[in-house]
Amino acid sequence: MTWHIITGEYPPVIGGVSSYSHLVAHGLAEAGDDVHVWCPAQPTAPGSNGVTVHADLGQISRLDLREADRRLDRFASPRRLLVQWVPHGFGYRSMNVGFCLWLWRRARRGDRVEIVVHEPYLAFGEGAVRWTAAASVHRVMTMILARAASQIWISIPEWERRWRPYTLGRKVPFTWLPIPNTLPAPDRGGVDRVRARYSTNGGTIVGYVGSYGTVATRMLCIAIPDILEKSPTSIALLLGRNSDACHRQLMNAHPGLRARIHTSGALSRSALADHVAACDLLVQPYPDGISSRRTSAMAGLALNVPVVTTRGHLTEPLWDATGSVVLVDVNEPRRLGAETLRLLADGDERSRLAARGRDTYDRHFHLSHTIGALRGAPQESCGSRS
């Protein structure tokens with residue numbers, strides 16, 4: 001089976017879609033498939049282990065897409081195009097209608113276009129006039145993509161509800177394709193070095209890994225001081241890009257905790273895996289709640305680290321049903337801290353929670369489920385002919 005993965009970012013570019021695309025590409029190759037990745041121009045785009053990278057999308061302009069047509073047409077028809085969709089991933093200030101029309105034309109010519117919806121579109125009413133204009137264009141793009149698609153894969157069930165109206169009655173299958181952990185297995189020596197660097201006198205490490213959005217940062221700036229003031233042997237470890245800004249906010253408000261709040265800054269994937277695995281517990285507030293698209297939560301589950309997180313409007317029933325994480329309602333930072341303190345005081349419960357989390361990950365989110373679903377989907381082209 002031959003795959004053509006089309007993505008707006010791919011390593012060495014850093015990003016969630018980049019890591020996911022790399023993981024899926026190599027998972028399909030390891031299953032015996034021939035995999036070609038098509039991405040924008042970038043400094044280097046090495047291929048390896050059955051994956052060929054074509055950094056031929058350039059700036060994803062009309063001329064770039066014409067050249068991509070020429071190169072794609074060298075492969076036997078029909079081609080299977082797996083598109084990693086986020087509206088902002090394909091340039092033109094997230095309004096690249098031409099790219100969507102290009103996919104529609106490929107479908108009309110017989111290619112099988114499959115869309116993986118990581119993010120649906122901008123919401124109305126959440127920004128200035130430019131935001132509203134972009135949100136409107138995103139709906140047009142969604143209708144074109146839904147017209148082109150033979151299959152729509154969704155990272156969380158909610159995206160079907162949001163995208164289904166834009167199929168305009170066309171019968172295209174939607175299938176849930178949860179996002180797996182994108183970090184490699186940690187190195188035991190690396191984990192030990194992280195713990196030796198940050199943990200004092202065998203104290204516990206409370207970690208957070210994420211993008212440090214406004215809501216998450218606000219909750220962390222309330223919960224972390226509560227936790228550290230009531231658990232004097234614990235330290236907090238802020239991981240990833242933008243962690244420095246959150247660290248500064250905490251230091252300005254709580255200078256007495258300077259020695260107990262640490263930040264890593266940007267890390268490689270392997271180093272981030274070592275840091276996550278070194279934590280005794282992750283505190284992961286999400287403004288819309290934990291869901292199956294949250295790779296930071298998946299990292300905790302996969303690496304056997306217990307997770308305290310938030311329940312919101314995007315949280316699937318699975319999280320309550322499995323008891324694989326501790327849930328508090330969004331905008332309850334004091335309770336987030338209280339639940340963390342409860343677990344810090346009970347090592348056995350932390351171990352049980354970590355085990356339930358790992359079991360849930362293996363049953364529902366492991367990469368093998370993603371690869372099995374993709375390879376098991378029907379292969380006939382059913383793209384729009386009109």
Enumeration of residues in region 142-168 that are among the β-branched types (Val, Ile, Thr) and either part of a loop (DSSP other than H, G, I, E, B) or not assigned by TED's automatic domain parsing to the domain that holds residue 90 (or both): 156
Here's a check for you: in region 195-214, which residue that is among the β-branched types (Val, Ile, Thr) and more than 20 Å from residue 299 (Cβ to Cβ) is surrounded by the most Cβ atoms within 10 Å (Cβ to Cβ)? 200
Does any residue of region 44-66 turn out to be crowded, with 19+ Cβ neighbours inside 10 Å, touching a residue at least 60 places away in the same chain (Cβ under 8 Å) and at negative phi? no
Counted residues, region 169-219 - those being assigned to a strand (DSSP E or B) and either β-branched (Val, Ile, Thr) or farther than 25 Å from residue 157 by Cβ (or both): 6
Just to check your reading of the model, which residue among 305, 325 is farther than 15 Å from residue 223 by Cβ, modelled with pLDDT of 95 or more, surrounded by 15 or more Cβ atoms within 10 Å (Cβ to Cβ) and touching a Cys at 6+ places or on another chain (Cβ under 9 Å)? 305
Check region 115-122 and report whether any residue there is of a type outside the set (S, T, N, Q), at pLDDT 95 or above and part of a helix (DSSP H, G or I). no
Candidate set: region 154-169, residues that are out of contact with any Phe, Trp or Tyr (no Cβ under 6 Å at 6 or more places or on another chain) and in contact (Cβ under 8 Å) with a residue 60 or more places away in the chain; chosen: the one surrounded by the fewest Cβ atoms within 10 Å (Cβ to Cβ): 158
Criterion (touching a Gly at 6+ places or on another chain (Cβ under 9 Å), more than 20 Å from residue 162 (Cβ to Cβ), assigned to a helix (DSSP H, G or I) and in the same structural domain as residue 222 (by TED's automatic domain parsing)) met by exactly one of 300, 337: 300
If we scan region 87-97, do we find a residue that is in contact with a helix residue (DSSP H, G or I) (Cβ under 9 Å, 6 or more places away or on another chain), in contact (Cβ under 8 Å) with a residue 60 or more places away in the chain and of a type in the set (Gly, Ala, Ser)? yes
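The values are calculated or read from the model by the stated rules, or taken from the named source; none is laboratory data. Please read all numbers here as calculations on a predicted model, not as lab measurements. Note that each Cβ is placed from the backbone with ideal geometry, even for glycine, and that neighbours are counted across all protein chains shown.
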